[in-house]
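Here the structure comes first, spelled out in structure tokens, and everything after it is commentary.
The values are calculated or read from the model by the stated rules, or taken from the named source; none is laboratory data. Predicted model, so just to flag it, every value in this text is computed and none were measured. Don't worry about glycine lacking a Cβ; one is built from the backbone with ideal geometry, like all the others, and counts go over all protein chains shown.
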């Protein structure tokens, strides 16, 4: 009797525990919905009135033994963090591809039974948590097309069951992990389009293919990557110190002096005659090379100038710029710096670096001229493409101040801010080197080739670009909140599109180089009303300028008077004429456009203190639900260069 009673208590306890666990899963998912389905319309059947998540067959939820084992909610425009899901301890499949989820990935490391993770095409940021290595049952991991940074955790070596690893299109840095060569089951790896550097073992290339590592300009090794150079010591002991071929890219403290091996010191010395012969031969060689150089620069000068002029306005051979650089390398600067200091590009990271001479040899195409200088597209000999801005004012400030400002600009890293890679300083020449943005600018997308035959810029894409630009400007304001450094030149021409179609803010920090008294008149960004009296830049003025950019996107019109025009239209009679005619062909987006108009009008209020912060602007845009474009063009999906790894029968759980 006692035995039966004990069994009964054990069964009852088990049932109560199971019921509590099931209720906990439902509560966890309800919290997740409250944080990511802001309008309550995407997961409309996720209600507890009809039962638990398992018994009520909630959308995208699969269960086993009344416990949630799968969450599959791809392409629903969910927004917000996934922290709430950390308590789903029986979860096997997590598929949240192509949403707009953000925050960190720390939560998934707590779901100990996960086997399949698909989180591509979101806005996750921060480092990849090393604790993911505790998911020992993990078979497929796809974190591609996010904003992740930092190294690939070495602890991933513990994921012995892994079949596929997709981390492409992030901002990951560091070297290629050695454990990739030791996974027995790993079939697919894609680390392309990150910021990885160092040597790529030939065995790893042959196993996973070149495409898996393309787009990482700092990688070196066997073909197709450039050869690596060593920092010192013998080849065997230096195997962990390989970097792209550019010795100057290494800090001086790590560069070792290579001495002659001690065994060679006992070899027979050269005879005096041999030494004299070598000296004479070297002298003759130097004289010959010098003669060719003089003949080339003097005799060929006229022909090079003629070639450059005949190519027209958009093509440039850099010949005039080359002569300026060459002249500056010959003497001291006004501030006492020597020629050696001026002849080098100063880089801000270990992403593939190059010499000034490589830049001078590059073919160049002029992209445009602005108030601050001329921008060129430069294609280096190895195929690397960068954007080079040649400052209009050769001496905007003293050298020390210039370098300090460059350091301020160079430390900023964000997916929605154009990467500032390097600068060159000389007395009569200042060059700024950026990542090249291949898809033009927002201004051209909005206004170029208007009329018949134009491919319209659909609403989903416009909203995605505005959100990206807002996030970039928000990061600038947050990074420099204490010093209150503004962008100072916010306009649609300075919203560029990267290779994946993401919006990136450009020209940040260049206002620092200008005299504050002249900056307002010199810069071409949309100016806030208070700047007519108070001649200074501010982050609040940036918010106003961004509001004008939003109005430009909504109306399809140009001009700094857009706020007054929109206010007059709204005041007289609310009509659809305030919106771009290209947008009126789309259905079911009126509510979103009106909501976005309210965001813009909040930014362009007269009083600066009444304007929202950029963090608040980002939140307001994120709260506007993005529908799939009527043309079927989901902007986020266009970021995926490779299709995600879909579950297969071998992944059954």
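Looking only at region 180-194, how many residues end up being without any contact (Cβ under 8 Å) to a residue 40 or more places away in the chain and surrounded by 18 or more Cβ atoms within 10 Å (Cβ to Cβ)?
Number of matching residues: 6.
What is the number of the single condition among (1) in contact with a strand residue (DSSP E or B) (Cβ under 8 Å, 6 or more places away or on another chain); (2) farther than 19 Å from residue 112 by Cα; (3) modelled with pLDDT of 90 or more that residue 62 does not meet?
Answer for residue 62: the failing condition is (2).
Might you let me know whether region 399-411 holds any residue that is surrounded by fewer than 22 Cβ atoms within 10 Å (Cβ to Cβ) and outside any helix (DSSP H, G or I)?
Yes, region 399-411 contains at least one residue that is surrounded by fewer than 22 Cβ atoms within 10 Å (Cβ to Cβ) and outside any helix (DSSP H, G or I).
So which helices (runs of 4 or more DSSP H) stay within region 440-553 end to end and still have 3 or more residues that are more than 26 Å from the chain's Cα centre (by Cα) and not assigned by TED's automatic domain parsing to the domain that holds residue 369?
Fully inside region 440-553 and qualifying: 516-522.
Which residues, taken from region 170-181, are over 13 Å from residue 126 (Cα atoms) and either in contact with a helix residue (DSSP H, G or I) (Cβ under 7 Å, 6 or more places away or on another chain) or not in a loop (DSSP other than H, G, I, E, B) (or both)?
174, 176, 177, 178, 179, 180, 181
Residue under question is residue 431, and the condition is that it be at pLDDT 90 or above, over 27 Å from residue 124 (Cβ atoms) and not in a loop (DSSP other than H, G, I, E, B); does it hold?
Considered against the rule, which asks whether it is at pLDDT 90 or above, over 27 Å from residue 124 (Cβ atoms) and not in a loop (DSSP other than H, G, I, E, B), residue 431 comes out as yes.
Going through region 30-55 one residue at a time, which ones are part of a loop (DSSP other than H, G, I, E, B) and surrounded by fewer than 16 Cβ atoms within 10 Å (Cβ to Cβ)?
Result: 39, 40, 41, 44, 45, 47, 51, 55.
Can you pull out every residue in region 414-428 that is under 15 Å from residue 477 (Cβ atoms) and assigned to a loop (DSSP other than H, G, I, E, B)?
414, 416
Just to check your reading of the model, which residue among 210, 171 is in contact with a strand residue (DSSP E or B) (Cβ under 7 Å, 6 or more places away or on another chain), surrounded by fewer than 19 Cβ atoms within 10 Å (Cβ to Cβ) and at pLDDT 80 or above?
Every option except 171 fails the conditions.
Can you pull out the residues in region 442-456 that are touching a residue at least 60 places away in the same chain (Cβ under 8 Å) and buried (at least 18 other Cβ atoms within 10 Å of the Cβ)?
442, 446
From the residues in region 43-59 that are over 17 Å from residue 91 (Cβ atoms) and out of contact with any helix residue (DSSP H, G or I) (no Cβ under 8 Å at 6 or more places or on another chain), which one is modelled with the highest pLDDT?
45
Any residue in region 214-243 that is part of a helix (DSSP H, G or I) sitting within a Cβ distance under 9 Å of a residue that is modelled with pLDDT under 50? List the pairs, counting only those 6 or more apart or interchain.
Short answer, once both residue conditions are applied: 239/230; 241/230; 241/231; 241/232; 241/233; 241/250; 241/254; 241/256.
When you go through (1) at pLDDT below 85; (2) surrounded by 15 or more Cβ atoms within 10 Å (Cβ to Cβ) one by one for residue 369, which number turns out not to apply?
Result: residue 369 passes all but (2).
Answer with yes or no whether residue 426 is crowded, with 21+ Cβ neighbours inside 10 Å, within 17 Å of the chain's Cα centre (by Cα) and either more than 22 Å from residue 367 (Cβ to Cβ) or in contact (Cβ under 8 Å) with a residue 40 or more places away in the chain (or both).
Judged against the criteria, residue 426 is not a match.
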